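Novice: My questions all concern the structure below.
The values are calculated or read from the model by the stated rules, or taken from the named source; none is laboratory data. Remember, it's a predicted structure, so these values are computed and weren't measured experimentally. We place every Cβ from the backbone using ideal geometry, glycine too, and count neighbours over all the protein chains shown.
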Amino acid sequence: MKIQKQLYIFTILLVLFLTTSIISQSIHLQNPTGRDYTSLNGKWNIIVDPYENGYYDYRYQPNPNGYFKNRKMENRWDLIEYDFDKSPKINVPGDWNSQIDELYLYEGTVWYQRYFELKPEADGRYFIHFGAVNYESIIYVNGELVGNHVGGFTSFTLEITDYVKEDTNFVVVKVDNKRKREAVPTLNTDWFNYGGITRDVHLIKTSKMFVSDYSISLADKKTDQIEVNLNIEGPLLPAKLSLEIPELEIKKELKIENSSTKFIIEASPILWNPDNPKLYDVLIKFGEEIITDKIGFRTISTDGTDILLNGKSIYLRGISIHEEAPFMNGARAYAEEHATTILGWAKELGCNFVRLAHYPHNEKMIKKADELGLLVWSENPVYWTILWENEATYKNAENQLVEMINRDKNRASVVLWSMSNETPINDPRLIFLKNLAAKARTMDPSRLITAALERHYINETTLMIDDPLGEFVDVIGCNEYIGWYDGLPEKAQKLSWQSIYDKPVIISEFGGGALFGHHGDELTRWTEEYQNSVYKNNIEMLDKVDFIKGMSPWILKDFRSPRRPLPQIQDFWNRKGLISDEGQRKSAFFTLQKFYSKKAEMGN
Ligand code: GCU
């Protein structure tokens, strides 16, 4: 008996080792839609699985014949208690909460499945790319485990070359959006936990050897040199690569001899800026492949408390934005038209800057910001009370940071990498965030590091910025809610500000709530008049502080939040938007617009 038991345990361990060790790890594939890709968007079949019955057997052990096998009855006596083909369908991309009423507040596992046709070529390599899946996902192709991913707002790519076959294939994705204390973000946030395959899914074909990653930007603050870094994936065979920027009459040809290649091109491109967001067509030709991209060239730096864009000081006229599509009664944004509407509103407001809170937004938002000339603050979802001393939590946060930077490092609009939002001041948090900031700086020394910090009073009328994290960032973000969580609006008139840092400060949040069309006097909470008074008093106060070089008030549009239940006013919406979900502009929108118009006229 003893030997049998040992044999059984050994077999289980061997199966576990084989299934985990052959998971193909996520590879960073730069700019998937600039390559040879096929969309897997559209209707997918789903099975809602709150007990994870499709994954575990009745002894809570991983079931080797789980739903990911997509089994079909072959005999009339077969017992199979699921069938994707006969199950409900859902649109991908898109969260499940807004598509299926019964799933509005659902937090748990949903299985996704679809078929796709393929004629694999002998020298081809095949990848599946997800723009984002919130929050944890396990990916299977033709019933085999391919890989997994943790994090709801960053893209990932898995190689499926060894799993695909001629003609009909199927992909199954286990998506679990349960919030967890040790996750990033943690259990409590002030936004809606939209679950699902919330962004595009692509099938990508490459050659055996291909350009997997690249970065193309001005060389270290120079405006007459372009630095190119290329990573080649696959068996290194002698091959020629050419990098072309036709409008700059650049056609650089080189022989590839190493998997990592870096070179400099003498060029003086027109510099990208909000008033002239110049983008250049870039082509990378390698073997049979052509990768196309549109890239802007600019420098960003600080000098004391100034922020310099292309060497000239700039005031960031911003607004904070959650990734929620307008006119959809609460849904994750994912489409080009969502980006066009949302960033169009920011331009109408007079913005040259947007804070994309509190997580990396979809790639279309960033590419649209490149086109429209909006500077971007992009944020890692290290929000509020993360488990600072949990190693796995740090690894998760760092991985999401790496994926955020890798995806958008060629986007001129992105100028600020934000490490966190409103985190409590303590030593474990400082170590956690200091390490993230160091990681970001190592990966991308060309951009500025920031975080949304808090301030405190040193006396009744003086606000102080002295969070120790300030030492490790280039630009200090600071959230304040004078007139909303902190006194009444006119309190702002009595206050002054101090900072211990000789660094630029951006007021990354201020604001108040109002239900569109709800009116009263300036002291009646929830009226447009009260919200407008919050804006008027804060703008007047902040505009007097010389080290404040920008702001991104909270927030462009009302957004769904389970923390906001007040009936007839909030109804589970955070009402601090300047615009309602139906696109109605509240009075404070015009107050901020007027301030920004004045700042722009003054050359800020
Ligand atoms: C906080 C937080 C936001 C939140 C806002 C609010 O500052 O950063 O995520 O939505 O305040 O209370 O509305």
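Novice: Within region 93-125, track down each residue that is in contact with a strand residue (DSSP E or B) (Cβ under 6 Å, 6 or more places away or on another chain) and hydroxyl-bearing (Ser, Thr, Tyr).
Specialist: Listed by number, the residues that qualify are THR109, TYR112, TYR115.
Novice: Within region 244-277, which residues are over 20 Å from GLU371 (Cα atoms) and of a type in the set (Phe, Trp, Tyr)?
Specialist: Matches in region 244-277: PHE263 only.
Novice: Conditions first: (1) loosely packed, with under 14 Cβ neighbours inside 10 Å; (2) under 22 Å from PRO326 (Cα atoms). LYS586 passes all but one, so which condition is the exception?
Specialist: Tallying (1) loosely packed, with under 14 Cβ neighbours inside 10 Å; (2) under 22 Å from PRO326 (Cα atoms), LYS586 fails exactly one: (1).
Novice: Let me ask something else about it. Which of the residues belonging to region 376-428 are surrounded by fewer than 20 Cβ atoms within 10 Å (Cβ to Cβ) and within 16 Å of the ligand (Cβ to nearest atom)?
Specialist: The answer is TRP384, THR385, GLU422, PRO424, ILE425.
Novice: Which pairs have Cβ atoms under 6 Å, sit 6 or more apart or on different chains, and link a residue in region 545-556 that is surrounded by fewer than 24 Cβ atoms within 10 Å (Cβ to Cβ) to one that is hydroxyl-bearing (Ser, Thr, Tyr) and assigned to a loop (DSSP other than H, G, I, E, B)?
Specialist: Matching pairs, first to second residue: PHE547/THR305; LYS549/TYR315.
Novice: Looking only at region 470-483, how many residues end up being within 16 Å of the ligand (Cβ to nearest atom), of a type outside the set (D, E, K, R) and either in contact with a strand residue (DSSP E or B) (Cβ under 8 Å, 6 or more places away or on another chain) or in contact (Cβ under 8 Å) with a residue 60 or more places away in the chain (or both)?
Specialist: Within region 470-483, the first condition is being within 16 Å of the ligand (Cβ to nearest atom), and the residues that meet it are 476-483.
Going one step further and asking which of them are of a type outside the set (D, E, K, R), we end up with 476-479, 481-483.
Those still in the list that are either in contact with a strand residue (DSSP E or B) (Cβ under 8 Å, 6 or more places away or on another chain) or in contact (Cβ under 8 Å) with a residue 60 or more places away in the chain (or both) too: 476-479, 481.
Summing the residues that are within 16 Å of the ligand (Cβ to nearest atom), of a type outside the set (D, E, K, R) and either in contact with a strand residue (DSSP E or B) (Cβ under 8 Å, 6 or more places away or on another chain) or in contact (Cβ under 8 Å) with a residue 60 or more places away in the chain (or both) in region 470-483 gives 5.
Novice: Moving on to the next point. Determine which member of the set ASP123, ASP85, ASP101 is closer than 28 Å to GLU159 by Cβ, in the same structural domain as LYS72 (by TED's automatic domain parsing), modelled with pLDDT of 95 or more and among the acidic types (Asp, Glu). It would help to see each step written out before you state the result.
Specialist: On the way: ASP123 fails: modelled with pLDDT of 95 or more; ASP101 fails: closer than 28 Å to GLU159 by Cβ.
Matching residue, one of ASP123, ASP85, ASP101: ASP85.
Novice: Got at least one residue in region 434-446 being within 15 Å of the ligand (Cβ to nearest atom) and of a type in the set (Ser, Thr, Tyr)? Please lay out each step first, then the result.
Specialist: Quick first cut of region 434-446, residues within 15 Å of the ligand (Cβ to nearest atom) only: none.
Among the residues of region 434-446, not one is within 15 Å of the ligand (Cβ to nearest atom) and of a type in the set (Ser, Thr, Tyr), which makes the answer no.
Novice: Based on this model, can you work out whether PRO565 counts as more than 22 Å from LEU343 (Cβ to Cβ), at pLDDT 95 or above, within 28 Å of the chain's Cα centre (by Cα) and in a loop (DSSP other than H, G, I, E, B)? Outline the logic, then answer.
Specialist: On the way: more than 22 Å from LEU343 (Cβ to Cβ): yes; at pLDDT 95 or above: yes; within 28 Å of the chain's Cα centre (by Cα): yes; in a loop (DSSP other than H, G, I, E, B): yes.
When the stated conditions are applied, PRO565 passes them.
Novice: Across region 534-544, which residue is nearest to the ligand (Cβ to nearest atom) among those that are among the charged types (D, E, K, R) and in a helix (DSSP H, G or I)? Walk me through how you get there before you give the answer.
Specialist: Just the residues of region 534-544 that are among the charged types (D, E, K, R), to begin with: 536, 540, 543-544.
Add one more test, that the residue is in a helix (DSSP H, G or I), and what stays is 536, 540.
Values: LYS536: 19, GLU540: 21 Å.
The residue in question is LYS536.
Novice: What do you reckon, is GLN531 within 23 Å of GLY477 (Cα to Cα), within 16 Å of the ligand (Cβ to nearest atom) and in contact (Cβ under 8 Å) with a residue 24 or more places away in the chain? Give the derivation first.
Specialist: Values: within 23 Å of GLY477 (Cα to Cα): yes; within 16 Å of the ligand (Cβ to nearest atom): yes; in contact (Cβ under 8 Å) with a residue 24 or more places away in the chain: yes.
Taking the combined requirement at face value, the residue satisfies it.
Novice: So, one more: Taking the criterion of being assigned to a strand (DSSP E or B) and closer than 30 Å to TRP384 by Cα, would at least one residue in region 210-218 satisfy it? Before the answer, list the steps.
Specialist: Step one: of region 210-218, the residues assigned to a strand (DSSP E or B) are 210-218.
Remaining after also requiring closer than 30 Å to TRP384 by Cα: none.
No, there is no match, as no residue in region 210-218 is assigned to a strand (DSSP E or B) and closer than 30 Å to TRP384 by Cα.
Novice: Name every residue in region 578-598 that is in a loop (DSSP other than H, G, I, E, B) and more than 14 Å from the ligand (Cβ to nearest atom), in order of residue number. Working first, answer last.
Specialist: Quick first cut of region 578-598, residues in a loop (DSSP other than H, G, I, E, B) only: 578, 580-584, 586.
Within region 578-598, SER580, ASP581, GLU582, GLY583, GLN584, LYS586 qualify.
Novice: When you look at ILE507, is it crowded, with 19+ Cβ neighbours inside 10 Å, within 16 Å of the ligand (Cβ to nearest atom) and not assigned by TED's automatic domain parsing to the domain that holds PHE327, yes or no?
Specialist: Working: crowded, with 19+ Cβ neighbours inside 10 Å: yes; within 16 Å of the ligand (Cβ to nearest atom): yes; not assigned by TED's automatic domain parsing to the domain that holds PHE327: no.
In short, no.
Novice: Let me ask something else. Filter region 561-577 for residues that are of a type in the set (D, E, K, R) and within 11 Å of the ligand (Cβ to nearest atom); which is surrounded by the most Cβ atoms within 10 Å (Cβ to Cβ)?
Specialist: Residues of region 561-577 of a type in the set (D, E, K, R): 563-564, 571, 575-576.
If we keep only those that are within 11 Å of the ligand (Cβ to nearest atom) as well, we get 563-564, 575-576.
Numbers: ARG563: 12, ARG564: 18, ARG575: 24, LYS576: 28.
This residue is LYS576.
Novice: In the list LEU523, LEU495, which residue meets the criterion of being surrounded by fewer than 16 Cβ atoms within 10 Å (Cβ to Cβ) and more than 16 Å from the ligand (Cβ to nearest atom)? Don't jump to the end; show me each part of the working.
Specialist: Working: LEU495 fails: surrounded by fewer than 16 Cβ atoms within 10 Å (Cβ to Cβ).
Going through LEU523, LEU495 in turn, the sole match is LEU523.
Novice: If you take just the strands (runs of 3 or more DSSP E) that sit entirely in region 289-335, which of them hold at least 1 residues that are farther than 21 Å from GLY512 by Cα, among the charged types (D, E, K, R) and touching a strand residue (DSSP E or B) at 6+ places or on another chain (Cβ under 6 Å)? Before you say what the answer is, go through the steps one by one.
Specialist: On the way: elements: 289-295, 300-303, 306-309, 316-321.
Strands (runs of 3 or more DSSP E) meeting the threshold: 289-295, 306-309.
Novice: In addition: Where the second residue is among the acidic types (Asp, Glu) and in a helix (DSSP H, G or I) and the first is under 17 Å from LEU187 (Cβ atoms) and assigned by TED's automatic domain parsing to the domain that holds VAL184 and lies in region 383-410, which pairs have Cβ atoms under 6 Å and are six or more apart or on separate chains?
Specialist: Short answer, once both residue conditions are applied: none.
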